Amino acid sequence: MDSFELTAWSLVVLLLLLPALLRIALVRRVLVRLGTAALERLTPEPVVDQEALDLYRALQRERLQRDLDRLRRVLLTDDTKSAVRQIGNRMAHDRLVHDLAELEAVVGRGPAPGTASSRARPPARAAAVEDWPLQGYDPSATAPGGQHRPVVEVLELGRRR
């Protein structure tokens, strides 16, 4: 019997015994480790395209700045909204300011001078929800057409003072 026949018969026996061997947990763990190691060796390291990464970050910064500007306009006119909506708007504003500051920290530098995001940079410390006053209005005031405006509900957090 030469080496070719020995190899062929070994493979046939292995294929016949493989289903029985796979039922054993130890054999499965060993095969998983071998497969993982082989996959790691065969997988090449990803090549990072720095220009594409910079473009992605710039687009993300512009999107965040655009959303922040839109939300700031909403905050200027949300005094007629409910307290829950006002708090939600302020929480969304705080989150956008945090995300923008985090993106600037990852890049390690500020935006290029003259860009939209450099003109309206976020404050050094984001205002917390408690720093924003909840604004109300006089419910007896009437809207155009003689209809009464809806009453804004007040959301009290914590103990009464």
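The values are calculated or read from the model by the stated rules, or taken from the named source; none is laboratory data. Keep in mind that this is a model prediction, so the values were computed, not measured. Note: ideal-geometry Cβ built from the backbone for every residue, glycine included; neighbour counts use all protein chains shown.
Look at residue 12 and say whether it is more than 19 Å from the chain's Cα centre (by Cα) and outside any helix (DSSP H, G or I). Give the derivation first.
On the way: more than 19 Å from the chain's Cα centre (by Cα): yes; outside any helix (DSSP H, G or I): no.
Taking the combined requirement at face value, the residue does not satisfy it.
For the stretch 28-50, check the following and say yes or no: at least one residue is closer than 30 Å to residue 95 by Cβ and in a helix (DSSP H, G or I).
yes
Pull out all pairs, ordered by first then second residue, where Cβ-Cβ is under 7 Å, the residues are six or more apart or on different chains, the first lies in the stretch 31-43 and is touching a residue at least 24 places away in the same chain (Cβ under 8 Å) and not assigned by TED's automatic domain parsing to the domain that holds residue 14, and the second is of a type in the set (Lys, Arg) and part of a helix (DSSP H, G or I).
none
Of the residues 23, 57, only one is of a type in the set (Lys, Arg) and either free of Cβ contacts under 8 Å to residues at least 24 places away in the same chain or surrounded by fewer than 10 Cβ atoms within 10 Å (Cβ to Cβ) (or both); which? Explain how you work it out, then say what you get.
Working: 57 fails: either free of Cβ contacts under 8 Å to residues at least 24 places away in the same chain or surrounded by fewer than 10 Cβ atoms within 10 Å (Cβ to Cβ) (or both).
Being of a type in the set (Lys, Arg) and either free of Cβ contacts under 8 Å to residues at least 24 places away in the same chain or surrounded by fewer than 10 Cβ atoms within 10 Å (Cβ to Cβ) (or both) holds for just one of 23, 57, which is 23.
Return the only residue of 61, 29 being modelled with pLDDT of 90 or more and touching a Ser or Thr at 6+ places or on another chain (Cβ under 9 Å). Break it down stepwise before answering.
Values: 29 fails: touching a Ser or Thr at 6+ places or on another chain (Cβ under 9 Å).
That would be 61, the only listed residue that is modelled with pLDDT of 90 or more and touching a Ser or Thr at 6+ places or on another chain (Cβ under 9 Å).
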